[in-house]
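Presented below is the structure to which this report refers.
The values are calculated or read from the model by the stated rules, or taken from the named source; none is laboratory data. Keep in mind that this is a model prediction, so the values were computed, not measured. Methodologically, a virtual Cβ is constructed for each residue, glycine included, from the backbone with ideal geometry; neighbour enumeration extends over all protein chains shown. Just the protein is used for accessible areas: all its heavy atoms, side chains included, with ligands, DNA and RNA removed. Shrake-Rupley method; radii C 1.70, N 1.55, O 1.52, S 1.80 Å.
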Amino acid sequence: MLLPRILALTLALAPAFVQAGMFPEDSTVKMLDAKGFRKAMKQNVTQVVAFVAPWCGHCQRLVPEYSKAALGLYPLVPTYAVDCDNAKNKRLCAEQGVKGFPTIKLFPRGGRVKPLEYTHGERGASAIYYWVTRNIPHGVKKLYNFDEITPWLEENKDKGRAFLLNNGKHIPILWQVLGNKYKDNFKFSVHRDRQGRSSEKMGFEKSKWGSSKVMFYPAGSMDYVVYEGLQKFDSLSKFFDSVIDGTADLRTANEEAKNEEFVPDEKELEIQRRQEAQRIALAHGGFNDLIDFEKAVLSGYNPHGPGHDGYPGMMGDVPKKEEAKPEDPIHKILKHQQQAESESAKAGQMAATAQGTPFEAASSSGQPQTATPPGTPAASPEPLTVAAQAESAQATGTSRPSAEADAARAKDEL
Ligand SMILES: *[C@@H]1O[C@H](CO)[C@@H](O)[C@H](O)[C@H]1NC(C)=O
C-alpha cells in the first residue's frame, strides 16, 4: 500500500509546486505579489508584467517564450509575473483590469504612464521582445548632423545633458532606458559617429574610433566630462545618481566610476552566458525560437571567447589559441535544424507546426484564455498557416526588424 500513498502525497503537493515554480528558478522573470508590484511601479522605468494563472494552458505555453524575452531584456527592462490565482493578488489583478490569462502589460514609466496591453495574437519570444523595445519612451534626441550638436547643447543648457557618440544606426537600448529613467533630471541625445569623423572633430584620437563615448555636460555649462566608467546600466545609473545626489562633484563621481571594479557574481555571469548564446541565435536570424540555445550553452559554448578581458574563464576553461577548436555547438545545432527543416519542407508540410518555425503559431497564438476555473477545458486555438502568420505579423507590426542589427542593440552596452 506504499505506492498509492506516495501517489496521493505527490498529488497533494502538485498544485503548490506548480504555483511556486511556474517560471524556472534561473528565469530572469520575477514573481511579484501586490506589495512588490506597487514598489516596482514607483520606479520610473519601463517594466513588463504578465498576469497569469498557473492552471491556464496559454500561460504555461507563455512561460518559455516570456522567459526568453526577459533574458534578452535583462537587466534593462525588468520583467515580472503576477499569479492572479493567488488570493492575495486577486484585488491587484482586478484593479489592473485583467479579464483573461495571460494578460501582458507594459508599463512605460512605472506607474506614471498609462500601461499598454499586448494584444497581438501570437506570444512568441521575439514578438514580445520587440514590442517591449519599441515602447520605451526614451526621449533621446537623435542628432543626425554634427552641426546639430552645439545648438542642442545650448538649447538645453539649464539642465544636465548626457550626450552619446556612437557608431550604431539605432539608439542603443541601454541609452533609451537611461533616457527614460533620468528624463526628469537630464536631457539625452545621441549622434552617430560615422567612421570616427565626429569624434575626431571633437578632439578624440582617430584610433579610438568605434568605441562609444559618453559625455556629460553639467547644467549651465558647455564644458563636458568624458565618462570613464563601464558603459553598463548599473555603472551609468550609479554615475547619474551621484550627479543628481550632488554629494560628489562631477569629476569625483567620474573618478569613482573609472575605478569601479567589475566583479560580477556567479549568477550574473551565468545570465550573461545565456544572453550571449541567445544573441548568437538572433544574429542567425532566428532570435531564440529557431534554436535551442540552452542546449548550446550546456554543451560548453563560451560566449566571451578566449582572452575576452573583463569576463575571463566563465564556467569552463578558456581554450588555448593553438588548440583546434571543436565545431561551435550553436552552428552544429543550427545546421541540424536547417537540415530537419528542409526535409520537412520537402515533405510538403507548409502549415506552421510547433517546431521549426520562427514564430510558434500553434503553441502561442490565440486570444487570452478567459478566466475559467481550473478543470474547464480550454478551446485550443486554430493553428495558423504560414501565410496567415505573415499577414498577422504585418498587420500587428510584429514582424522582425533586421535581426543582425538588433542582435547588438539588445546588449547592456553602448
Ligand atoms: C520618479 O519621477 C518623479 C517625478 O516625475 C520623482 O518625484 C520621483 O522621485 C521619481 N522616482 C524615482 C524612483 O526616481
### Task
With the condition kept exactly as written, say whether any residue in the stretch 79-93 is closer than 30 Å to W175 by Cβ and either in a loop (DSSP other than H, G, I, E, B) or charged (D, E, K, R) (or both).
no
### Task
Go through the stretch 182-210 and give me each residue that's touching a Phe, Trp or Tyr at 6+ places or on another chain (Cβ under 9 Å), open to solvent by 50 Å² or more (accessible area, probe 1.4 Å) and either more than 19 Å from K141 (Cα to Cα) or within 16 Å of the ligand (Cβ to nearest atom) (or both).
N185, K187, Q195, R197, E200, K201
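Residues checked against (1) closer than 22 Å to Y182 by Cα; (2) out of contact with any strand residue (DSSP E or B) (no Cβ under 8 Å at 6 or more places or on another chain); (3) modelled with pLDDT of 90 or more:
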position: V98; (1), (2), (3): no, no, yes
position: P108; (1), (2), (3): yes, no, yes
position: R112; (1), (2), (3): yes, yes, no
position: H120; (1), (2), (3): no, yes, no
position: Y130; (1), (2), (3): no, yes, yes
position: T133; (1), (2), (3): yes, yes, yes
position: P137; (1), (2), (3): yes, no, yes
### Query
Can you tell me which residue in the stretch 169-181 is farthest from the ligand (Cβ to nearest atom), limited to those that are β-branched (V, I, T) and open to solvent by less than 10 Å² (accessible area, probe 1.4 Å)?
I173
### Total residues in the stretch 67-122, condition within 16 Å of the ligand (Cβ to nearest atom), under 25 Å from D26 (Cα atoms) and free of Cβ contacts under 8 Å to residues at least 60 places away in the same chain
1
### Message
Testing P137 on (1) away from the ligand (no atom under 16 Å from the Cβ); (2) within 29 Å of S67 (Cβ to Cβ), one condition comes back false. Which one is that?
### Response
(1)
### Query
In the list P75, P151, which residue meets the criterion of being modelled with pLDDT under 95, on the phi < 0 side of the Ramachandran plot and surrounded by fewer than 21 Cβ atoms within 10 Å (Cβ to Cβ)?
P75
### Message
List pairs: first residue in the stretch 175-197 and on the phi < 0 side of the Ramachandran plot and among the polar types (S, T, N, Q), second residue assigned to a helix (DSSP H, G or I) and within 16 Å of the ligand (Cβ to nearest atom) anywhere in the structure, Cβ distance under 6 angstrom, at least six positions apart or on different chains.
### Response
N185/I244
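Table: residues versus (1) touching a Lys or Arg at 6+ places or on another chain (Cβ under 7 Å); (2) among the aliphatic types (A, V, I, L, M).
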{"site": "A125", "(1), (2)": "yes, yes"}
{"site": "P137", "(1), (2)": "yes, no"}
{"site": "V140", "(1), (2)": "no, yes"}
{"site": "Y144", "(1), (2)": "no, no"}
{"site": "P151", "(1), (2)": "no, no"}
{"site": "K183", "(1), (2)": "no, no"}
### Task
Filter the stretch 26-60 down to residues that are assigned to a strand (DSSP E or B) and either in the same structural domain as R274 (by TED's automatic domain parsing) or away from the ligand (no atom under 16 Å from the Cβ) (or both), then give me how many there are.
8
